[in-house]
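> Dumping the structure here so I can ask a few things about it.
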Amino acid sequence: MPLFFRKKKPSDDARKRLEYQMCLAKEAGADDTLDISKCELSEVPYGAFATCKVLQKKVLIIHTNNLTSLVPKSCSLLSLITVKVLDLHDNQLASLPADIGQLTSLQVLNLERNLLTRLPQSIGDLAQLQMLNVKGNRLKELPATVSGLRSLRTLDISENVLRELPRVLAHVRTLETLTLDASSMTYPSADVCRAGTESIQQFLCRECGIAYYPPSQYVLPALESDGGGTSVDGEDRAVHKYLEEESEWQNKFLDYEKRKEKKMQEKLEFERLLNVGQREHALLVQQLSSQKDEILQTVREDQLRLEEGLTKHQRCLEEERLKLLQQLKQAEQGIACRIQKLLEDNQRQKQSSDILKSLENERIRMEQLMAITQEEAEQLHRREVASAMQQMLAESYKNKLIQMTYESRRQDLVNQACSSLAEMDQKFQQILAWQQLDQNKAVSQILQQIEMQKAAFEALQVKKDLMHRQIRNQIKLIETELLQLTQLELKRQELDTETLQGVITEQRQALGYLLQQLLKEKKQREEELRQILLEMEAKSETKQENYWLIQYQRLLHQKPLSLRLQ
């Protein structure tokens with residue numbers, strides 16, 4: 001702690017208030033009160049003591065300041081000899097002057113909320129003191145001289161560290177109200193203290209061995225003793241009247257203190273309720289905040305879970321889509337390769353001179369077929385050849401009927417005519433009738449009819465022709481590729497993709513053009529075979545028997561192309 005420190009100067013408002021109160025107390029007709037409270041004083045000014053001494057002030061109010069001592073230097077406590085009410089609450093007083101008992105007129109002394117640790121012994125000289133308030137200090141005990149407070153009515157020693165009461169307090173017969181912390185008292189016991197002032201006084205009187213009398217029996221005799229005498233003159237009456245006025249004024253002051261205490265209790269209760277409400281409100285806000293955070297966390301977790309599931313589902317769909325696109329791409333590439341190979345083969349066949357040579361050889365071979373030798377005529381197996389012709393005719397006729405059926409059905413779908421159905425029934429009846437013929441009869445008929453032999457030879461020639469077979473195989477391949485292209489386009493329409501659509505269109509156009517070319521070549525080859533047949537018919541001898549049977553047998557006995565190449 002520093003030995004020297006600067007005192008805090010009062011603010012301008014506090015200084016102005018002090019000056020105003022001092023001037024107000026010095027005005028003519030002013031009352032007997034000097035109020036210099038709330039002026040931020042660290043010591044009582046010299047002017048206050050002088051004013052109380054000169055103007056004989058009876059009420060001195062110095063509460064709510066920063067006082068550490070009551071009497072300043074160069075001042076005497078006797079300047080306050082006329083003061084009856086001294087209010088020093090809410091200061092920083094650690095002790096009272098040792099000669100506080102000189103204030104013989106003092107009736108009210110308020111020392112609430114200070115730093116007092118003890119009371120001076122001279123406190124018992126205040127014979128006129130009726131109210132002593134030392135609440136909220138640091139007192140550990142009361143001096144034994146309190147028994148001299150013969151007029152004390154109210155004593156407040158609560159909120160201290162006091163644990164025992166002096167027995168001599170039983171001699172204060174006028175004590176009506178004693179306020180203390182009953183739960184912390186050890187002498188008298190807490191139960192006695194909770195019972196009230198009368199119970200405490202009765203206990204102390206028993207401890208001292210004296211009789212207890214209520215305070216009401218000692219108030220009037222005390223007042224009467226002040227004005228007692230054998231002769232009543234004017235001075236005694238004046239003193240008696242003064243004492244009555246003082247007593248009335250003191251009662252009013254006590255009522256004021258009680259109302260003040262009640263207001264203070266109400267204020268504390270209101271503050272307590274306000275604090276409880278604020279705590280409840282804060283707790284409610286905290287609960288709402290925690291619930292809000294929990295709801296937000298739950299919503300956030302649900303959203304993350306949904307987003308994760310959606311992302312996973314989209315990823316799976318994308319993988320399936322990419323996989324399907326890859327498969328489609330591979331299928332397209334395979335189809336494109338096969339189409340390219342077909343086009344190259346077709347181009348290569350067109351450009352090859354071997355085809356022309358093979359055609360020429362075929363023509364030479366066909367001319368050789370026209371000549372029938374005597375040996376072939378002798379070796380003719382009539383029945384076997386006729387049976388083979390019958391099978392070939394049946395197969396050829398069946399194919400023609402199937403083609404006619406297909407044509408008639410297509411015509412039926414276009415025209416929706418019932419007559420076509422009837423014709424189809426007749427044709428099918430003819431087929432059934434033809435199939436039910438006796439095979440021996442059919443064979444004998446074939447042997448007798450040259451036209452039927454010619455028709456069987458023509459069907460076998462078309463079937464055995466190498467060039468016609470190659471054209472048919474190429475047509476089947478192109479039809480297969482067109483079917484795969486159609487299936488591929490349907491898959492792409494389901495996936496709503498438009499990639500490589502132009503490539504597919506070009507491939508379809510190329511395949512269609514190639515199919516048309518092959519159909520033309522097929523028709524042209526059939527015409528060439530029919531022309532060869534006509535030439536053979538023209539060159540055949542009119543008297544030659546079994547001409548077509550011998551030609552049919554020659555085709556049957558002809559070696560395959562692979563054996564001839566070997």
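The values are calculated or read from the model by the stated rules, or taken from the named source; none is laboratory data. Note that the structure is a prediction, hence the values are computed from the model and not measured. Using ideal geometry, Cβ is built from the backbone for each residue, glycine included, and neighbour counts are taken over all protein chains shown. Calculation scope for accessible area: heavy atoms of the full protein, side chains included, ligands and nucleic acids excluded. Shrake-Rupley method; radii C 1.70, N 1.55, O 1.52, S 1.80 Å.
> May I ask which of LYS323/LYS476; LYS491/LYS520; LYS57/LYS267; LYS58/LYS252 have a Cα-Cα span longer than 22 Å here?
Beyond 22 Å: LYS323/LYS476; LYS491/LYS520; LYS57/LYS267.
> Another question, if that's okay. Past 25 Å, Cα to Cα, is the threshold; run LYS26/LYS135; LYS135/LYS260; LYS38/LYS260; LYS73/LYS140 against it and keep the listed order.
Distance filter (> 25 Å) returns LYS26/LYS135; LYS73/LYS140.
> Considering only C-alpha atoms, what is the centroid distance from the stretch 64-122 to the stretch 290-350, in Å?
If you average the Cα positions of each part, the centres end up 98 Å apart.
> Residues of the stretch 12-217: accessible area per residue at 1.4 Å, in Å²?
Each residue of the stretch 12-217 exposes 46 Å² on average to a 1.4 Å probe.
> To continue, here is another question. Mind computing the radius of gyration and Dmax over the alpha-carbon atoms of the stretch 12-217? Å is fine for both.
Cα-based Rg and Dmax for the stretch 12-217 come out at 18.2, 59 Å.
> Within the accessible area of the stretch 12-217, what % is carbon and sulfur when the probe is 1.4 Å and the other protein chains stay in place?
48 percent
> Starting from the Kirkwood radius over alpha-carbon pairs of the stretch 31-95, derive D by Stokes-Einstein at 10 °C in a medium of 1.306 mPa s and give it in µm² s⁻¹.
Answer, rounded: 136 µm²/s.
> Treating only the Cβ atoms of Lys and Arg (+1) and Asp and Glu (-1) as charged, compute the dipole magnitude of the stretch 12-217 about its Cα centre; round to the nearest 20 debye.
It works out to roughly 340 debye.
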